[in-house]
Structure formats: C-alpha cells, structure tokens
Amino acid sequence: MKEITVAELFAGVGGFRIGLEKASLKYRTIWANQWEPGKKIQHAFECYDKHFGPSLNNSNEDIAVAKNNCPKVDLLVGGFPCQDYSVAHSGDAKGIEGKKGVLWWYINDIIKLRKPSYVLLENVDRLLKSPSKQRGRDFGVILRCLYDLGYYAEWRVINAAEYGYPQRRRRTFIFAARKTTKWYSRIAKKINENPSEVLYKTGFFADQFKVTKGEDFIREYNLKEKVTGEKYIDLVDFSNHFQANFGNTGLMLNGKICTATTKPYKHKQTTLGDILETDGVDEKYFLGENLEKWKYMKGAKKIERTAANGHSYVFSEGPIAFPDPSDRPSRTMLTSESGANRSTHIVEDPKTKKLRFLTPVECERLNGFPDGWTDTGMPEKFRYFCMGNALVVPLITRMGKQLIKILKITEKKLD
Ligand SMILES: C[S@@+](CC[C@H](N)C(=O)[O-])C[C@H]1O[C@@H](n2cnc3c(N)ncnc32)[C@H](O)[C@@H]1O
C-alpha cells in the first residue's frame, strides 16, 4: 500500500498528526499550518515544530494568507471553530461571499484548489444546531459546499467518554470522500441500497464507533431543493432558507441527507481517577487557603443584579460537583483550565487526599497525548490552553485505522 500524504490545518500541537501516525506509518504529513491570531509568541506552533520539525513545511501564518501554499495531498485534516457560515451576495451581486475571518471558507478554498481524495474535520457539537434562529443552517452550508465540490460525507458527534476515554468531550467529526475515489463508488452503492445499514453499521464512523438505534427515526433533507420542490437558486438562497434537525449521526450523498440519533454501545469507562498522578505533585498545584472561595464559586447561587437599562433581574446558576468526582470521566476541559474559573477542574489528590488543580500532564492524559507533549518551553498557562483547544487523540487513531481499512478494501477491489 502506498503512503497517504496529509495536510494538517489549524494544527495546534498536532493532535491529528499524533493520532494518524499511531494508526499507521503510511500517513505522512507533508504540510501543517498553525497560527494563533494576535499573538507575538506562537506557543502551539513552536511545540508542533519542536516535535515535527523544524521544517519549512510547517507554516506559521494566518491560513487566509497561507492557503495557496497547501500542497496537493490525499487527506486534508483540521479542527476548526463553529462560526457564522451564512453567505451573502458580494458588491456586484454576482459573487457570493461568507463573513470575513470565518475559517470554513479557507478550508473550502483549499479543497477546491487541491481536490484531496479524503477530508477529515473536527468541530464542536453545537455546529449541528446553530444558529438557534435557523437550526442546522451552518452545518447545512458545510454539507452543501462539500456536495458542490464533489464529495459525499458522513458525520458523527462523538463523546470520547462513551468510547472508553477519560473525558466527556463531545465533538462533531466529518469524513468526506471525493467522487473520483473507489471508496465513493463503493459507499454510494451501499447508501443507495440501504442507507440505514450504512448509518448504523457499515459507514466510516459506524464501523469503529459502534452504535445502536436511538429513539427517533431517520430524517431526510435535500441540499438541492426546498420542501416545495423549488431548486435553491444559489448558496445565498440556500443559506437564507435551509433548516434541518440534524441528529448526531448522518450522511450526505449526491445532495441528499439521511440523519438520525444513535446511541453508543455501553463501553468500559476510564475515569478521571485513572489518569491522576499518584506519586506526589508539586505543592503549587494545591488549593491552599482558598477553599471557601472555591466552594462558593462552584456552588449554586441566585444573585440579584441590575442591567445597564436599570432593570433588575436574578442571575442564577446550578452547582458544579466539587471536587470533580474521580470515579467517572471528567467534564470537558476548556482553554481557560489554568484560571480560577467555575469550570476549572479541582480534584482530590490520590496521595495526600488534599484538593488541587490538574497538572499539565494530567490534561495531556485527558486528551490522550503523550505525557509532557507540551513541555517544550512554553509557560504552563499555555500548556493548559493548548489542551483546551486540542482533540482526543485516540479517536483520530481509530479514524486513521478506518481509512486504512477502506483503502485496503478498495485497493484489493474486494467490492
Ligand atoms: C480547535 S484548535 C485545533 C487544535 C488541534 N487539533 C490540536 O490537536 O492541537 C484550532 C487551532 O486553529 C488555530 N487558528 C485559529 N485561527 C487561525 C488562522 N486564521 N490561521 C491558522 N490557524 C488558526 C488556533 O490557534 C488553534 O490552535
């Protein structure tokens, strides 16, 4: 089997690359781009470059500038934020443009230019529902673009904890294959024969991330025409009108969508306690005198407040478990993990039984990175930040294995 060339967009500290290289030595990342907007010191890029470089092929520029430098590859990967993907007519009313700085449009441009055979993307789970006033529009725009570019796509919202990893991190993964691939012909045939079989059993995600049917039924949507049967005039018309109730599982072939909610099979859990350091951590990670402050911050509260217009209201929030239970998977780690926030994890130290913060190594373990991966010279605060941004690496390893399986099947022409 020949090597699979990869370009990694929004590379962060390299979650996709570590995951793919663990899946197979066939993956060779030949270009990576990472740039933290507005920051003079580029900690994530420096970490990436220390592990995978230094190399001229690691690009530390805004993707808006660097997009044309992305080479032709077999597989394009990247994790990007959920933004407003609506489009409007540009000045002369003939052109179409998305909002400035919205990263999807750069991915779209790269796919258009380089035509990768396969695309694997990661986004947050709310992508499927947003915006709240026109549910499903944003994800619909992505699917419509992939259709226009000549791809079929599958997606799944995966909560890492439900597949045996120690963090309840829920992300939307999208896999797309180009019309010219043998896999496309094979899967298109299967989808046309029995789409539910692909959704629940044989699709890209279903094979590695086993599921059972949820309580709802399969819903169908059309990316080419409105419910009235009228064709969308263009992407602007589409973006103005498309709505869908996307389930956590779905596929799109030839502009037609099938989606449903699936449930993962029960899996043996890995817990927060399983990844804690047990042989004594530095004193600086312990809470010290601030216990009462933390109890208050994590507790339920109702506070009377006055808005700017003079109107008074009651702000209320529920409690967060304090300390974080060590006998179950952890809550999602955010980029603000290093700060004194309600969302910061506080754990009972297994050795001293005193309360403390997570260490940077424990944050790396929550995402399945090797211990010390971000210990490349950046201040500790940024080690937490990078892990709040990163993905759960072993999920990518499973997806990498699945793509290898697909390529082997199609190379041997077992279809
Ligand atoms: C969700 S994180 C991806 C993290 C990565 N998957 C990992 O495992 O570390 C998105 C990354 O995109 C980077 N980014 C944001 N805007 C960018 C831009 N305009 N050009 C290039 N990279 C950008 C951020 O700095 C961040 O590291």
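The values are calculated or read from the model by the stated rules, or taken from the named source; none is laboratory data. Computed from a predicted model, the values in this text were never measured in an experiment. Every residue, glycine as well, gets a Cβ built from its backbone with ideal geometry; the counts of neighbours run over all protein chains shown. Accessible surface areas use protein heavy atoms only, side chains included; no ligands, DNA or RNA. Shrake-Rupley method; radii C 1.70, N 1.55, O 1.52, S 1.80 Å.
Here are the numbers for this structure:
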read-out: Cross-chain or 6+ apart pairs with Cβ under 7 Å, segment 45-61 first and of a type in the set (Lys, Arg), then surrounded by 14 or more Cβ atoms within 10 Å (Cβ to Cβ); value: 50/376
read-out: Sole residue being part of a strand (DSSP E or B) and either in contact with a His (Cβ under 9 Å, 6 or more places away or on another chain) or open to solvent by 60 Å² or more (accessible area, probe 1.4 Å) (or both), chosen from 215, 220; value: 220
read-out: Matching option when the condition is outside any helix (DSSP H, G or I), of a type outside the set (Val, Ile, Thr), open to solvent by 60 Å² or more (accessible area, probe 1.4 Å) and on the phi < 0 side of the Ramachandran plot, among 240, 245; value: 245
read-out: Count of residues meeting criterion [among the basic types (Lys, Arg), open to solvent by 60 Å² or more (accessible area, probe 1.4 Å) and assigned by TED's automatic domain parsing to the domain that holds residue 290] in segment 345-390; value: 3
read-out: Residue match in segment 164-179 (condition: open to solvent by 10 Å² or more (accessible area, probe 1.4 Å), of a type outside the set (Phe, Trp, Tyr) and in a helix (DSSP H, G or I)); value: no
read-out: Subset of segment 223-249 (residues that are more than 15 Å from residue 148 (Cα to Cα) and out of contact with any helix residue (DSSP H, G or I) (no Cβ under 7 Å at 6 or more places or on another chain)); value: 227, 228, 229, 230, 240, 241, 245, 247, 248
read-out: Number of positions in segment 112-129 that are away from the ligand (no atom under 16 Å from the Cβ) and either small (Gly, Ala, Ser) or not in a loop (DSSP other than H, G, I, E, B) (or both); value: 6
read-out: Which listed residue, of 80, 16, is open to solvent by less than 30 Å² (accessible area, probe 1.4 Å), within 13 Å of the ligand (Cβ to nearest atom) and either under 17 Å from residue 145 (Cβ atoms) or small (Gly, Ala, Ser) (or both); value: 80
read-out: Unmet criterion (only one of (1) open to solvent by less than 10 Å² (accessible area, probe 1.4 Å); (2) within 13 Å of the ligand (Cβ to nearest atom); (3) under 23 Å from residue 369 (Cα atoms)) for residue 45; value: (1)
read-out: Unmet criterion (only one of (1) open to solvent by 50 Å² or more (accessible area, probe 1.4 Å); (2) within 12 Å of the ligand (Cβ to nearest atom)) for residue 68; value: (2)
read-out: Filter result (at pLDDT 95 or above and loosely packed, with under 15 Cβ neighbours inside 10 Å) within segment 93-121; value: 112, 113
